[in-house]
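Below: the structure, in C-alpha cells.
The values are calculated or read from the model by the stated rules, or taken from the named source; none is laboratory data. This is a predicted model, so every value here is computed, not measured. Cβ sites come from the backbone with ideal geometry, for glycine too, and all protein chains shown count toward neighbours.
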Amino acid sequence: MDLRVAVAGLGPMGRGIARVFAVAGAAVTVVDVDAATTARGHAQLREEEDVPVSVAASVAAAVRDADLFIEAIVERFEAKRSLLAEVRATVRAAGNDKLVVATNTSSLSIGELGVAYGDPSRVVGMHFFNPPAKMRLVEVIRGARTDPEVVALAREWVAALGKTAVLCADSPNFIVNRVCRPLYYESQLLVTQGMAPPVVDAAVRGALGHRMGPLELLDFTGLHTHLGSSETALREFGDPRYRPIPLTRRLVRAGTTGRAAGQGYYDYAAGKPRDAQASVLRTSQQSEVDVRVYRAVGCTPRDVAAVTGLARQGRVVVDSSDGGWVEHLPAGVGWIRLHGGFAEVVADEVAGIEPAHDAVDALGATSVPVLALPGLVVDRLAHTMANEALTLVEEATATAEDVDLALRLGMNHPIGPLEYLTRTGPAEVLAGLRGMATHFGDPRYRPAPLLVRQAAGSRR
Ligand code: NAI
C-alpha cells in the first residue's frame, strides 16, 4: 500500500489502527500528547508485529507530508477540535492540500468535526472496531459536506487493508451501535421485569446464534460506555425510545460497570457468565408423549377457541410469543416458543403457567425457562432490532446490504437484522411489535412506517 499515514492517539484504538496500516505496507507515523504513552505504544507496536512505525515529535511533523491523518485521541470534542485546528494550520503552511482527515470517533458528529477542522469537505469518519487487527469491519461515515472523492478514498484504503467498509450517513451511533440499541435496552428491561441475566443471554445465544449474550456483552464493553451512547441517542434523536434504563444508571452509579469492575450483570468473582448460562439450559429427555403444537403469531379469539378445542382432545401447547396468551391461555395448555431446535418455555408461577417440559421433550429441543412477558425474550429482541435496522434504511442512514454486513462483521451475528426480517416476514414482525406496544404501552415498540408499508405490500 503506497500511502503515508499519520495516526494521533496511542490508546488501544490508535495503536491498533497504526498496526493494520503498517502491516499493509503503508508508511506510518504516530504521535501522542503523552510522552510515556508514545514510548510504550511504539515499543508495543514493534514487539507485536515488527513493522516499521515512526514516532513524530509533533502533530505538525506527522502530517506535513501525509496522505491520510487519522485521529484516535480521547473522545472529547474540545480535544479533537484543537487537534484538528493544529492539523489545519500545518496543512496550510505546508501546502498539503491532498490530506484526508479521518476520525475514529464513536459518538461525535463528522459534520461538526469537519467545521472544527475548517474544511468539512476533507473530513470523513473511519470507525474501526476493537481490536482493529482482528475486526474486519470499518464504518465509513460521510459528513453532509464531505467530498465524495474523500469518501471513495477512505473506502479504497479500507479495502487495501483487507477489511470491509460499510457506508453510513452522519447519524448518532452510526450503524452497529444504533441497531444494537434495542438489543441492549430490551435485555436490560427484561432483567428489570424479573428475568435472570443468564436466562436472557442463554435464550439469545441458543435461538439467535449470537456468540455473546447481550448482558454479557454489556458487561464486557462497560455499562458506562453503553449509558453514554444511550444518552447521545436520546439527546440527538429526541425520541423517548432511546431513553436509558434506570437499572443501568443504578449499576453505573454504584461502580458496578461490568467485567473490568468485577461486577455488572454478572459477578465475576462468583464465576463466568458462560457457566451461569449453561446452568439454566435444559436438554430434552426421551419422550413418547403425543403433543399437538398450535403455532399462533397473535392471540385472537379464534386462536383461543381453537386451542380450547384441541385441549379437549389431548395435550396441546401454544407456540407463540404474543403477550395476549398471559391472560387467555386455557388452563392445562402449555406455552412455548420454538426456534428450530431451541425453545423458550414459559414457566411463570405468578401467572399460573407450568413449564411444558413434556412438549419440549417430545420435540427434542434444548430449552430455557422464561416469564410470560410479551414477545418473551427472543422475538422481543430480534423484532425490535429488525425495526431499528429498517428505520436506518428508511431514513437513508445506510443501505439494507450495508446494515446486514455491518451486523454480521461488527457483531458476528449469523444473519443480519434485515435478512431476519425477510425470513420471518414483515407482517409477523409488525404483529409482534404491535403486540408489545399494546401490552407494554411504550414507544420503544413503535413500528417503522416502512415496516407497516412492507407488511401491507406482502399481504397484497
Ligand atoms: P484512549 O482514551 O484509551 O486513548 C486516547 C489516547 O489519545 C491517549 O493515549 C491520549 O494520551 C492521547 N491523546 C489525547 N489527546 C491527544 C492529542 N491532542 N494528540 C495526540 N494524542 C492525544 O482511547 P481509545 O479507546 O483508544 O479510543 C480512541 C478513539 O477511538 C475515541 O475517539 C473513541 O471513541 C474511538 N473508538 C474507541 C473504541 C473502543 O472500543 N475503545 C472503538 C471505536 C472507536
request  = Go over the candidates V20, V51 one by one and state the one that is assigned by TED's automatic domain parsing to the domain that holds V150 and either polar (S, T, N, Q) or not in a loop (DSSP other than H, G, I, E, B) (or both).
outcome  = V20
query = Any idea how many residues of the range 23-48 are more than 12 Å from the ligand (Cβ to nearest atom), buried (at least 21 other Cβ atoms within 10 Å of the Cβ) and assigned to a loop (DSSP other than H, G, I, E, B)?
reply = 1
query = Taking the range 60-86 only, how many residues are at pLDDT below 95, touching a strand residue (DSSP E or B) at 6+ places or on another chain (Cβ under 8 Å) and assigned to a loop (DSSP other than H, G, I, E, B)?
reply = 1
ask   = Counting only residues that are of a type in the set (V, I, T) and within 14 Å of the ligand (Cβ to nearest atom), which one in the range 91-115 is nearest to A61 (Cα to Cα)?
value = V101
inquiry  = For I110, only one of the following conditions fails: (1) closer than 23 Å to R15 by Cβ; (2) touching a strand residue (DSSP E or B) at 6+ places or on another chain (Cβ under 6 Å); (3) without any contact (Cβ under 8 Å) to a residue 40 or more places away in the chain. What is its number?
reply    = (3)
ask   = Restricting to the range 130-162, what's the tally of residues that are within 19 Å of the chain's Cα centre (by Cα), touching a residue at least 40 places away in the same chain (Cβ under 8 Å) and surrounded by fewer than 21 Cβ atoms within 10 Å (Cβ to Cβ)?
value = 4
request  = Just one of (1) farther than 17 Å from A196 by Cα; (2) within 16 Å of the ligand (Cβ to nearest atom) trips up L217, so point out which.
outcome  = (1)
From R88, R92, R46, residue being among the basic types (K, R) and either within 30 Å of N173 (Cβ to Cβ) or touching a Cys at 6+ places or on another chain (Cβ under 9 Å) (or both) = R88
query = Do we find that R64 is assigned by TED's automatic domain parsing to the domain that holds P148, on the phi < 0 side of the Ramachandran plot and within 10 Å of the ligand (Cβ to nearest atom) in this structure?
reply = no
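Identify the residue in the range 87-111 that is of a type in the set (S, T, N, Q) and outside any loop (DSSP other than H, G, I, E, B) and, among all such residues, is farthest from V30 (Cα to Cα). Before you say what the answer is, go through the steps one by one.
Step one: list which residues in the range 87-111 are of a type in the set (S, T, N, Q), which gives 90, 96, 103-107, 109.
Subset that is outside any loop (DSSP other than H, G, I, E, B): 90, 103.
Values: T90: 16, T103: 14 Å.
Residue satisfying both the conditions and the ranking: T90.
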task = Check the range 31-52 and report whether any residue there is at pLDDT 90 or above and among the hydroxyl-bearing types (S, T, Y).
result = no
request  = Only one of these is within 21 Å of R282 (Cβ to Cβ), out of contact with any Cys (no Cβ under 9 Å at 6 or more places or on another chain) and buried (at least 21 other Cβ atoms within 10 Å of the Cβ): V346, V429. Name it.
outcome  = V346
task = State yes or no: is G364 over 30 Å from the mean Cα position of the chain (by Cα) and surrounded by fewer than 19 Cβ atoms within 10 Å (Cβ to Cβ)?
result = yes
task = Scan the range 163-182 residue by residue and report those that are touching a Phe, Trp or Tyr at 6+ places or on another chain (Cβ under 9 Å), basic (K, R) and buried (at least 20 other Cβ atoms within 10 Å of the Cβ).
result = R181
remark   = Scanning the range 215-244 for residues that are buried (at least 20 other Cβ atoms within 10 Å of the Cβ) and of a type in the set (D, E, K, R) gives E216, D219
